[in-house]
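Quick notes on the structure that follows.
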Amino acid sequence: MDPECSRLLPALCAVLADPRQPVADDTCLEKLLDWFTAVTEAGSSLLLLQENPCLVELLFHVLKSQDLSSRILSFSLRLAGIFAAQENCFQYLQGELLPMLFGEVGPLGGAAWTAPAVRSGWIQGLRTLAQHPSALHFLAACGAVDTIFSLQGDPSLFVASAAGQLLVHILDLAMRGPAEGRRSLQACDWPACAQKIVGHIEDSLCSTAIPQVTQALSVLTTAFGHCHGLWTQGLWVRLSPLVARLLEKDPVPASHSLVDLLLSVARSAPSSDRGLWETLAQTLSHLSPTQAGPLALGILKLQDCPQVLRTQAFGILLQPLACVLEAAAQAPGPPGLLEGAAGDSMTVDTLLSSKSACVGLLCCALAHLGLLQPLPQRPSPWPQAPLLGAAVTILRLCSGSAAPTSDVGGRLCAILVGCGRVQRAALDFLGALSQGTGPQELVTQVFSVLLEYLVSPESSSMVLKKAFQATLRWLLSSPKTPGCCDLDPHTQLFLTELLPVLQKRLCSPCWEVRDSGLEFLTQMTRHWGGQAGFRQALLASEVPELTKQLLRDPESYVRASAVTATGQLSSWGLCASPECPGAQQESLLVELLHILSTDSEGFPRRAVMQVFTEWLRDGHADVAEDAERFVAGVLQAASRDLDWEVRAQGLELALVFLEQLLGQRGSHCPYAEALPETAPPGVLAQALQVLCRVQLFEFAFRALFDCDRPVAQKSCDLLLFLRAKAAPCGGPQEAGDSPNVASVEATLQRWQAGEQGQPLGYLEPGAVVALLRSVDLEGLRDTLAESSDHVEKSPQSLLQDMLAAVGVLGENEADCY
Amino acid sequence: MKLYCLSGHPTLPCNVLKFKSTTIMLDCGLDMTSTLNFLPLPLVQSPRLSNLPGWSLKDGNAFLDKTELIDLSTVDVILISNYHCMMALPYITEHTGFTGTVYATEPSVQIGRLLMEELVNFIERVPKAQSASLWKNKDIQRLLPSPLKDAVEVSTWRRCYTMQEVNSALSKIQLVGYSQKIELFGAVQVTPLSSGYALGSSNWSIQSHYEKVSYVSGSSLLTTHPQPMDQASLKNSDVLILTGLTQIPTANPDSMVGEFCSNLSLTVRNGGNVLVPCYPSGVIYDLLECLYQYIDSAGLSSIPFYFISPVANSSLEFSQIFAEWLCHNKQTKVYLPEPPFPHAELIQTNKLKHYPSIHGDFSNDFRQPCVVFTGHPSLRFGDVVHFMELWGKSSLNTVIFTEPDFSYLEALAPYQPLAMKCIYCPIDTRLNFIQVSKLLKEVQPLHVVCPEQYTQPPPAQSHRIDLMIDCQPPAMSYRRAEVLALPFKRRYEKIEIMPELADSLVPMEIKPGVSLATVSAVLHTKDNKHILQPPPRPAQPTGGKKRKRASDDIPDCKVLKPLLSGSIPVEQFVQTLEKHGFSDIKVEDTAKGHIVLLQEAETLIQIEEDSTHIICDNDEMLRVRLRDLVLKFLQKF
C-alpha cells in the first residue's frame, strides 16, 4: 500500500465507524473492497493489518457499536473475510474477532440481522474466508453451516442464492483435500463437514416441501456445474436414487430445477454412465410436454449421448408440431410424417387446455427447434419437409386462413387466431428453416404464407418485421437457375406480387412498418442490385420513388432507413428515373447533403455519412465525378455536427479518401511481408495539395482535440497514418521553417484547451508536414488509450473522495443551523 | 315477460319487450340492404345506366322490415340506442297509431335527424317520372332475374319517408341524459347508459324493484371520440339482451385505419383520386382525425379533402358542440378552449372543404388529385353515384369502403366493369367476440339473449369457433318474427309502508337477524305503486247514522289472536305431559309428524308441521290444559 493511502486510512476508518457520518454512496464501499482485495492478493494481509492497526480497530468498533448502518456492518463482514482468506492472517484474527463477527454472538443474533445486506455480507465474508482447512474447522466450531442451511430459504433471493453457492464452496473445499488422488471414495470416508452438507441435501430431497427440494436441486446443480473433482461422481452415485425417486411423484416436484440438475450432471459425467442415461430417459417420459422441452433440447446439445435417448428427446420437441399437423390435416397425412413423434394425447391435452399453455408450448417448441437447426449435432436426418409444413400450418392457423375439419383443429384455430407471440416465433422458425431445402410445393406454400402475412392488415408491426426478415432469408436462399445468373421464375413471380405490398407498407401510418419495409428493401437491393430480373421489377414499380419521398418522413428512424435505402438503390443505379437520370441523381446527392447539414436528429445524419463513405469507397459515379468537391462538402458539414458518431464517421470517410490518394494502410495480415509504406514523393506532394484544398487537416486536427474520446482516437490514428506516409519526403524541412506553423500551433493549443472557435485557416502542404512532426501524436494516442477516469480511479483518490464527501456532508449539516 | 323480435338484422335491431305492464320497443333500425336490388339514382342523366338491357330506372326506396307480430299501437315507449338504430322511426310513429313516447339522447336525435335528412334529400332531389309496383306481385316477381326473384317479402318494402314525416316523428322524442332515471308508469325504471360507440349512443337498463333487464346495442370499448362505455351499470342483470356487435369480427379497426391511410396515400402519391363512400357522421370523425395526424407526415398536405353531403356542414359543427358526450380527452380540450375535433383546424387551413352537393361551389373549387368523402355507402343514391361514374374508368383512382353495412361487391355491381381500384377496409368499432366474452365475465348476467347469428360461427368461416358468443348458461337466441319467453319469473313486488304504520309495528326476533311482526293495513295500489296505509279507526259507537254507514265499509278490526311459531319437540312434550300427571302415553310417527296418544284419557294429539290438533271427547277442561301445555313450546307474537 502506498504511504499516502496509509496516511489517509485512519481518518477513513474513523469516518466509517462513525454512525453520524453516513457514507452516501454504496459504490465507494464496493470500490474499497475491490482495492483491499487487490492489496491482499499482492501481499500479506497479516502485514497489512499490523501496519495499519486502524483496520482491526474498525472491525472491533463495528462489533461494539449499536447504531451503525447495515451497510457498514455488511462491509466489515466482507472486509474481515478478505483478510482471513490468508491462513496466517486467519490465525491472527481467529482468536477473538472472527467468532464475534461470524459466530452466534455477532450480528447473527442481533437486530441488524433483519437487514438483507447484513446477511448477504455475512455469507460473502465466509465465502471469501473459506479458502483453507483451518476455515473448515472454524465453520464447524461456530455452527455456521446450520445458519447457511436456514439462509437457503431466505426471503431475499440474493441471500438465498448466495447461501446455496456458499454450501457448494464449502463442500468443494472439504472434499478437495481427501479426494485428491483417490478415485473410489466411500461416503463414510468423507469429512464431517461434507457429511453434514450432503446429509442436509438428502433430507431436503426427501422432503415434501417443494421449496426445500428446489434448494437441494439447485445446490447440486451448482456443485456439478462448478466443481470438477472426482468426488462429484461419488456424490452422484450416492444421490441419484433420491433424485430418481422424485420422478415417481406426480406431478414431478421442482421440475425446472430437476432438469437443470440432470443437464448439469450430464455435461460433467462420463458418457459411459448408463444409469444417468436411464434417468434422463425416465425423466423425459415423466415430465409434462412443457417441462420436458428444455431437457430435450439440452440432451440434443450434448456431445456424446446414446442415439436412443436423442431420438426420444427429438420426439418430444417435435410432438407439439406433430399434433398441429395432425389436427390441421384435411385427410389423414402420409404415414411417418414426423416419425416417432405422432402427436400423443398428453401434448394435445396441453395444447387445448388453455390459451397460455398452448401458446407457451408452441413457442418453446418452435424456439428450441430453431436453436437446434444450425447446430452440427442436430438430429439427422433432419425432417425439413414436415417441419416446414408445420410452420406453415401454424402460421395459417394464426391468421385464420386454415380451415381445419377436425375438432381439435377447430379448437386450436380458435386459440391461435391472431396470436402475435406464436406468429413471431413461427416466422423466426420459418426463417431459420430457409437454410435447408424443401420440395418445391412446400416452398411455394412458404412464399404464399409469407405473402399472406405481408399483405394482411392484421399483421402487427412486430409480426410484419419478422415476416420481412423471413421473406428475405427465403428469397436469398432460393436456388439460382443453373447456368443463368438471373432469378428463377418462381422468385421472379413472387417479386411481382411482393413489390405492390412493399409499396403499400412504405405508406403505412405506423412508422415501424415503414422502417422495416425500408430495411427489407435495402437488404434485398444489396444482394440483388445486379440481377436483371430484380432491377426490371423494381424499376417498373413505384418503390424507388416512394423511398425517396420517405427521406422527408417525420420519424427520424424512418428517415435514416430511407437514407440507407436510397443510398443503396443509387449505388446500383436504381434510383434514377429513366427520363432524366443525371438530374435525379444529382438531386439525391444534394438532398442527402441537405439532410446532413439540417436534420435535427442524429440517426439520419449518421446514415448519410455511412452512405457517403460507401459511395466514396465504391467509386459511385456521381462522387467519382468530382471527389474533391464532394469530400470538402461532406467534411465541412460533418465537422460542425454535434453528434460524435457523425464526426467519427467523417474521419472514416477522410481515411477512405486518404487511402485512395496514397494507397492502402498497412496490411492487416500479420504474416504479410512489410512493404515500403511511404508514398512516392510526386504522388505525396499532389495528394497533400488535394488534402489541403478539401480542408481535411482542419477537420482532422479539430477532431484530435474532440471532447469525445473515440473521435480523437480515430483522428490520431488517421494523422499517424498520414505521417507514416509523408515522413521521408519531409526530411530536410524543419518545423520552424514555415512561417505559418507557430501561429497554427498556437491555435491548436487553444483548441486543446477547449476554445475551438477560431479557424485554422488555409494550410500549406509544407506546414502540414511540419505540424505532423511537431505534434506529439504517439503521446496523445497513449493518453487517449487510457480510460477517461484513469486519474480518478486510483485508490488514493477514492479515499480522498470519500473523506471529502463526508466533509461536504458535515458542511451541509452546519448550513442547516 | 316476453320479447318480440321484429328484425333479423343483428346490428339493426328492433325488439319489443313486455315487462310488467309495459310494452317497450328497443330500437327501430332500418335494414336498407334491399336498395342494392335497385339501380343507382344518378344526379346527372347517365346514358350508360339508363341503357342497361332489360332494366329501367325504378324508384329508390327504403324499406321497413317488420311483420305483423304485434300491434305497434300498443307500444308504450321506444328506447333508441344510437342514431343508426332509429332510421325506421317515422314508419312506426306515423303509420301505426303509435301514441307513446320515444326516448333518446340529444346527439342521437340531432345526428339521426341529419342522417334522415340526408336520406330524404338524396331520394327527393332525383324525382322519378314514374314508379312501378306491379312487379311486387309474387307471380311477376317469380319471373324476374336473380337476385330480385329471391328477395323476400317484397310487399313489405316501403317508399322512403318524407321530411314532414321525419319532423313529426322526431317531435315525439323526449331527450334524456346518461344515467337519468325515467319512470314508466311507476312499473319500471329505464336508464340510458353510455355505450362508447357513437356520440350519444346508449345501452339501456330496464329495471323494476326486483328484476333487471339490460339492453346492449352498438357498444365499443375502443378509445375513439365518444364517452367510454359504462359497464358497471350492467351488472346484476337477470337478462342481458345483446345486439349490435361488430359486423366484421375478423377486421381490427386499428389495422383497417392503417390500411385506409396506406391505400389513400399510395393512390394520391400516384396522382389518383380517392373516393370514400360514407355516412355523414360517426367513423368519418375518427377518419378525419387520423388523416389530420397522418397527412403531414405522409407529405399529403397539399391534397384537398372534400366532404360532400346535404348535411356536411351541420354534421361537422354538431360534433364540436356535444362536449359532454365526448371522451375525456376531448372534453378537456373544450375548457382550453379548443375545438374537440381537429377537423376544425383542417377546415380553417382549407385542407378540408365541405359542400352540400356537387352542384354550385364545389364545381368551381374542385381540384384533382383529391380525396372525397360522400354518401351513400350503398352506392345507390347520393353524390357518390356521380363520382363512381366519373372516376370508375381510371385505374389510378381508388374507392375505399369503410362502412360495413353493405357488401361492397354487391354495391359495385351496377358499375362493372370498373377500372378503378377497390379497397375494402370496413371500420366497425363495435364489440368483437373477445370483448363480449370479457364483458359477460365482468357483468355476469343470469341469462343472455342474442340474435341467432351470434350463437354460431359465420357461415363463410364455419371453423372459427372463436367468432361466436361463448357463455354459461348458453345464450338464448332469437330470429326474426320470433317471440321469446324470457327465462325468469317475477317473484316479488315492492310495497311501501306508511311511516305511522311502520311506527306501530312491534317486531319480534324469532331467530338472530330475523324479526317478525303482524301488520293490519289497507293495501293501496295506484300507478303500479303499492302502499300499505294504516287501517281507519273503528267507528265511534256514538256516531250518527252517516258515520255508522261509513263504518260498515271498513273491515272488521277485532283484536287478533297472537300468531304462533316454532316446533314441538315430541320427547320433551311427552316428558312434560308425564310431569303433569298423564300416563300411558304412546307416540306414533306419521308421514307428516307425530300422534301422541293419551290412552287413559282417550285423547289424541296430532302434531304436524303446520298444525296441531287436540282431539278429545267433550272434555273442554282437558283440551284447554293440553292446549296450554302445547303453547308452552311455541312462541307468540
* **Residue count for region B:264-280, restricted to those that are facing chain A (nearest Cβ under 7 Å), crowded, with 22+ Cβ neighbours inside 10 Å and either touching a Lys or Arg at 6+ places or on another chain (Cβ under 8 Å) or in contact (Cβ under 8 Å) with a residue 40 or more places away in the chain (or both)** => 1
* Considering residues of region A:324-348 that are modelled with pLDDT of 75 or more and over 17 Å from A:LEU284 (Cβ atoms) only, the residue farthest from the chain's Cα centre (by Cα) -> A:ALA329
* **Candidates A:LEU798, A:LEU809 - the one that is at pLDDT below 75 and either under 30 Å from A:ALA726 (Cβ atoms) or surrounded by 12 or more Cβ atoms within 10 Å (Cβ to Cβ) (or both)** => A:LEU809
* Asked: For A:ASP618, which of the numbered conditions (1) under 19 Å from A:SER597 (Cα atoms); (2) free of Cβ contacts under 8 Å to residues at least 60 places away in the same chain fails to hold?
  -> (1)
* Asked: Filtering region B:354-370 down to residues that are of a type in the set (A, V, I, L, M, F, W, C) and either buried (at least 24 other Cβ atoms within 10 Å of the Cβ) or farther than 20 Å from B:GLU118 by Cβ (or both), which residue is nearest to the chain's Cα centre (by Cα)?
  -> B:CYS370
* Structure fact -> Selection from region A:8-31 of residues among the aliphatic types (A, V, I, L, M) and either in a loop (DSSP other than H, G, I, E, B) or surrounded by fewer than 16 Cβ atoms within 10 Å (Cβ to Cβ) (or both) yields A:ALA11, A:VAL23, A:ALA24
* Being within 14 Å of B:ILE427 (Cα to Cα) and either within 14 Å of chain A (Cβ to nearest Cβ) or surrounded by fewer than 24 Cβ atoms within 10 Å (Cβ to Cβ) (or both) is the filter here, so list the residues in region B:204-220 that pass it. => B:SER220
* Which residue, of A:LEU430, A:LEU412, A:LEU388, is crowded, with 21+ Cβ neighbours inside 10 Å and within 14 Å of chain B (Cβ to nearest Cβ)? -> A:LEU412
* Matching residues in region A:433-456 - criterion: being in a helix (DSSP H, G or I) and either out of contact with any Ser or Thr (no Cβ under 9 Å at 6 or more places or on another chain) or within 14 Å of chain B (Cβ to nearest Cβ) (or both) -> A:LEU433, A:GLN440, A:GLU441, A:LEU442, A:THR444, A:GLN445, A:SER448, A:GLU452, A:TYR453, A:LEU454, A:VAL455
* Looking at this structure, is A:GLN733 polar (S, T, N, Q), surrounded by fewer than 22 Cβ atoms within 10 Å (Cβ to Cβ) and modelled with pLDDT of 80 or more? -> no
* If A:VAL590 satisfies every condition in (1) within 14 Å of chain B (Cβ to nearest Cβ); (2) surrounded by fewer than 19 Cβ atoms within 10 Å (Cβ to Cβ); (3) under 30 Å from A:GLU659 (Cβ atoms) but one, which is the exception? -> (1)
* **Matching option when the condition is surrounded by 13 or more Cβ atoms within 10 Å (Cβ to Cβ) and in a loop (DSSP other than H, G, I, E, B), among A:LEU49, A:LEU63, A:LEU68, A:LEU79** => A:LEU68
* helices (runs of 4 or more DSSP H) fully within region A:457-556 counting 3 or more residues that are under 35 Å from the mean Cα position of the chain (by Cα), buried (at least 21 other Cβ atoms within 10 Å of the Cβ) and not aromatic (Phe, Trp, Tyr) -> A:461-477, A:489-506, A:511-528
* Residues in region B:181-196 that are surrounded by 13 or more Cβ atoms within 10 Å (Cβ to Cβ) and assigned to a loop (DSSP other than H, G, I, E, B): how many? -> 5
* Can you spot a residue in region B:248-257 that is under 29 Å from the mean Cα position of the chain (by Cα) and within 19 Å of B:LEU346 (Cα to Cα)? -> yes
* Answer from A:ARG526, A:ARG535 - the residue that is under 17 Å from A:ASP488 (Cα atoms) and away from chain B (no Cβ under 13 Å) -> A:ARG535
* Asked: Residue check: is A:THR279 farther than 27 Å from A:ALA425 by Cβ, under 31 Å from the mean Cα position of the chain (by Cα) and of a type in the set (Ser, Thr, Tyr)?
  -> no
* To do: Specify which of the listed residues (B:ILE241, B:ILE284, B:ILE303) is of a type in the set (A, V, I, L, M, F, W, C), within 14 Å of chain A (Cβ to nearest Cβ) and touching a strand residue (DSSP E or B) at 6+ places or on another chain (Cβ under 8 Å).
  => B:ILE303
* To do: Would you check if there is a residue in region A:563-580 being over 26 Å from A:GLY619 (Cβ atoms), out of contact with any Cys (no Cβ under 7 Å at 6 or more places or on another chain), at pLDDT 90 or above and not acidic (Asp, Glu)?
  => no
* **Residue tally, condition assigned to a loop (DSSP other than H, G, I, E, B) and either buried (at least 16 other Cβ atoms within 10 Å of the Cβ) or within 14 Å of chain A (Cβ to nearest Cβ) (or both), over region B:409-425** => 3
* region B:509-534 residues that are exposed (fewer than 14 other Cβ atoms within 10 Å of the Cβ) and of a type outside the set (Gly, Ala, Ser), paired with ones that are at pLDDT 85 or above and assigned to a loop (DSSP other than H, G, I, E, B) (beta carbon under 6 Å, 6 or more apart) -> B:ASP527/B:GLY186
* Kindly check whether there is at least one residue in region B:569-579 that is within 30 Å of B:PRO535 (Cβ to Cβ), of a type in the set (A, V, I, L, M) and outside any loop (DSSP other than H, G, I, E, B). => no
* Between a first residue in region B:251-263 that is at the interface with chain A (Cβ under 7 Å from one of its Cβ atoms) and a second residue that is outside any helix (DSSP H, G or I) and of a type in the set (Ser, Thr, Tyr), which pairs have beta carbons less than 7 Å apart while being 6 or more apart in sequence or on different chains? -> B:GLY258/A:SER508; B:SER262/A:SER508; B:ASN263/B:THR398
* Asked: Has region A:72-90 got at least one residue that is over 20 Å from A:ILE123 (Cα atoms), free of Cβ contacts under 8 Å to residues at least 60 places away in the same chain and not polar (S, T, N, Q)?
  -> no
* To do: Check off (1) in contact (Cβ under 8 Å) with a residue 40 or more places away in the chain; (2) surrounded by fewer than 17 Cβ atoms within 10 Å (Cβ to Cβ); (3) under 18 Å from A:ALA804 (Cβ atoms) for A:PRO99 and give me the number that stays unchecked.
  => (3)
* Structure fact -> Residue count, region A:415-427, condition within 14 Å of chain B (Cβ to nearest Cβ) and in contact (Cβ under 8 Å) with a residue 40 or more places away in the chain, comes to 6
* Structure fact -> Conditions (1) charged (D, E, K, R); (2) part of a helix (DSSP H, G or I); (3) more than 14 Å from chain B (Cβ to nearest Cβ) -> A:ASP641 fails only (2)
* Asked: Among the residues of region B:432-453, is any within 14 Å of chain A (Cβ to nearest Cβ), hydrophobic (A, V, I, L, M, F, W, C) and touching an Asp or Glu at 6+ places or on another chain (Cβ under 7 Å)?
  -> yes
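The values are calculated or read from the model by the stated rules, or taken from the named source; none is laboratory data. Note that this is a predicted model, so its numbers are computed, not measured. Here the Cβ is made from the backbone with ideal geometry for all residues, glycine too, and neighbour counts use every protein chain on show.
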